[in-house]
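Right, one structure below, let's go through it.
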Amino acid sequence: MDISRIEHLFLKENYLLALNFPGVDEGGILPLRILAREMIQYKYQAVTETNEGARTTTGTIAADTQEDSSRLTLSTFNLDNILRINNCNNVYQVFMGIKPSAIRQYLYYPFEKSRRNLDVKSIFTKSPYGYIDGFESPYNYPSEQTEMWIPKDVDVGFAWHNPLSTAEQIDINLFIVRYLIKVVRDADTVESILKGKTPTRVATLGGIDSFTYDARNVFNADLIAFDSSREEIEAALAMK
């Protein structure tokens with residue numbers, strides 16, 4: 001896999017990352033520090049199941065057909081989502097190459113919410129917009145357009161459309177950077193991040209449509225709005 005288009009987006013140890021959970025009233029950032037990282041390439045092949053539950057070696061999507069949103073499962077190991085994170089000290093940065101080139105991928109992040117919508121109309125599968133295909137993000141040359149940040153307790157799904165006149169096998173080449181992270185609890189640092197004075201990668205999760213995330217339960221910290229006062233920053237970072 002050629003990672004030259006995405007390598008500049010990888011974070012190194014001791015870098016700062018602000019996960020931005022979108023929302024006008026309830027959204028905010030979670031300030032994190034990168035402690036360590038590892039890189040994983042995972043070649044995922046869509047599969048079908050027989051009535052007996054046996055895994056086949058290939059799976060296809062019929063011509064001019066849509067597949068509704070689903071997680072990336074791995075039946076061999078009884079995994080219903082290979083991108084699910086169980087450890088609150090980890091986050092994934094994910095990129096995806098797709099083949100055949102014409103196959104269209106629609107993002108559901110979290111699983112219940114479609115993304116890349118226009119205000120005038122929500123995306124439905126086979127929509128002529130809102131997708132990424134293998135022309136934009138080839139199998140062995142993934143695009144930064146496919147970047148996703150995934151923390152604990154966020155499930156991501158994908159819908160697919162095959163616009164071709166023949167049935168096709170969907171193959172996905174995943175490049176995953178798994179980070180070990182900790183919450184930044186120094187109020188001075190966080191205040192500097194919010195004011196744009198400290199270099200920090202701000203990553204908005206999914207898209208601009210809001211979704212509920214229980215940061216306190218997962219990270220023992222509350223989300224911090226960009227216009228928070230010093231007192232609000234300190235309260236959000238306090239351990240409970």
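Fewest to most neighbouring Cβ within 10 Å: what's the order for Asp214, Asp171? Numbers along the way, then the final one.
Numbers: Asp214 10, Asp171 18.
The most exposed by this proxy come first: Asp214, Asp171.
Given a Förster radius of 22 Å and the C-beta distance between Gln41 and Ser4 as r, what FRET efficiency does 1/(1 + (r/R0)^6) yield to the nearest 0.05? Walk me through the numbers before you get to the answer.
On the way: r = 14 Å, r/R0 = 0.66.
That pair, Gln41 with Ser4, gives E of 0.95.
What whole-number distance in Å separates the alpha-carbon centres of segment 141-162 and segment 218-240?
So the separation of the two Cα centres works out to 28 Å.
First select every other residue whose beta carbon is under 15 angstrom from the beta carbon of Asn14; then total the charges, Lys and Arg +1, Asp and Glu -1.
Details: positive: Lys12, Arg33, Arg37, Lys182, Arg201; negative: Glu13, Asp186.
Counting the neighbours of Asn14, the net charge comes to +3.
May I ask for the longest run of the chain untouched by GluC sites (Glu not before Pro) that are loop-located per DSSP and have at most 12 neighbouring C-beta atoms (other than their own) within 10 Å?
113-240
List the trypsin sites (Lys or Arg not before Pro) within segment 165-195 that DSSP assigns to loop and that have no more than 12 neighbouring Cβ atoms inside 10 Å.
Lys195
Calculate the radius of gyration of the Cα atoms of segment 63-140 to one decimal place, then report Dmax, the largest Cα-Cα distance, as a whole number, both in Å.
Rg and Dmax of segment 63-140, Cα atoms, are 14.2, 42 Å.
Projected onto the charge dipole of segment 8-237 (+1 at Lys/Arg Cβ, -1 at Asp/Glu Cβ, origin at the Cα centre), which of Gln66, Tyr139, Asn87 gives the Cα projection farthest towards the positive end?
Most positive-ward Cα: Tyr139.
By count of other Cβ within 10 Å, fewest leading, how are Met239, Met96, Met1 ordered?
Working: Met239 7, Met96 25, Met1 16.
Listed from fewest to most nearby Cβ atoms, that is Met239, Met1, Met96.
May I have the count of lysine pairs in segment 1-147 with C-alpha atoms under 23 Å apart, counting pairs 8 or more residues apart or located on different chains? Mind showing how you got there, number by number?
Values: Lys43/Lys99; Lys99/Lys126; Lys113/Lys121; Lys113/Lys126.
The number of close lysine pairs in segment 1-147 is 4.
Report the relative contact order of the chain, percent, no decimals, based on alpha-carbon pairs under 8 angstrom and at least 6 residues apart.
Working: 541 pairs, mean separation 76.2, N = 240.
Relative CO of the chain lands at 32 percent.
Here, each number is a calculation from the coordinates, and none is a lab measurement. Note that the structure is predicted; figures quoted are calculated from it, not measured. Neighbour counts run over all protein chains shown; Cβ positions are idealised from the backbone, glycine included.
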